[in-house]
Amino acid sequence: MAALGIGQFGVLIALLNYGLQHVAAAQAALIFSLFPLLTLLMSAALGRERVTASLMLGVLISIAGVALALSPKLGQAQSGHWWGELAVAASAFIGALCSVLYRPYLERYPTVPVSAFAMAASVLFLALLALGEHWPARVVTFSLQAWAAVSFIGVSSAIGYFCWLYALKHESPTRVTVFLALNPVTAALLGWALLGEALHPAASGALALIGGGLWLATRPAITRVPAA
């Protein structure tokens, strides 16, 4: 559980942040949207989940929706190397692997202790990793506003992580991770509502695709009753 917490709450975030330093946010989000597809393939390979046509189609349609949502920003110039793209892809791979491997522990133990143990292990790992950036000396220079922002991000991340593990406890990994496709559209809608940012026409089409993909991926399997 400690290794899974370090992987999903520590290494994943570190790789994603590194990738964002070298690749545009739109490209990074599109690469990271492969998370559900990787989860489906790993879960099926380990015998944890059965691949159905509607599940696979739903995942692929949701990825197409993400691509459409990010299409206005996909023409940004790149630095010419692939380290950023590889880091983002690696973060998606680690997240998918951890999401699949968490299930046995979540079935055995309550969600709150698993969340607390995994996050504590990841915080200790990140604290040691960040010693190279001299974080103890930097922390004392934080303003009250900075501490408020850090506290908000920490509490909201903890709540989100608990909800994520709770969902993994009760649903298949692919059905949980496919909802990550909503991230770009949700960010665009919140930016429009709270920050007055322009809403690109592609957002409505992306939302329709993602909604259709989610419906296909999460609808109950149809059980055929043999004729008497």
ALA96, sole failed condition from (1) without any contact (Cβ under 8 Å) to a residue 24 or more places away in the chain; (2) closer than 24 Å to HIS22 by Cα: (1)
Unique match (being surrounded by fewer than 22 Cβ atoms within 10 Å (Cβ to Cβ) and modelled with pLDDT of 85 or more) among VAL11, VAL51: VAL11
Every residue from region 4-41 that is under 15 Å from ILE94 (Cβ atoms), assigned to a helix (DSSP H, G or I), aliphatic (A, V, I, L, M) and free of Cβ contacts under 8 Å to residues at least 60 places away in the same chain: LEU37, LEU38, LEU41
Residue match in region 79-86 (condition: among the polar types (S, T, N, Q), farther than 26 Å from ALA208 by Cβ, surrounded by fewer than 19 Cβ atoms within 10 Å (Cβ to Cβ) and at pLDDT below 85): yes
Single match in TRP215, TRP147 (criterion: aromatic (Phe, Trp, Tyr), in contact (Cβ under 8 Å) with a residue 40 or more places away in the chain and either in contact with a Phe, Trp or Tyr (Cβ under 7 Å, 6 or more places away or on another chain) or surrounded by fewer than 16 Cβ atoms within 10 Å (Cβ to Cβ) (or both)): TRP215
Unique residue being at negative phi and loosely packed, with under 14 Cβ neighbours inside 10 Å when the list is LEU128, LEU124, LEU106: LEU128
Failed item, numbered, when TRP192 is tested on (1) modelled with pLDDT under 80; (2) among the aromatic types (Phe, Trp, Tyr); (3) exposed (fewer than 11 other Cβ atoms within 10 Å of the Cβ): (3)
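The values are calculated or read from the model by the stated rules, or taken from the named source; none is laboratory data. Note that the coordinates shown come from a computational prediction; the quantities given were computed from them, not determined experimentally. Cβ: placed from backbone, ideal geometry, glycine included. Neighbour counts: every protein chain shown.
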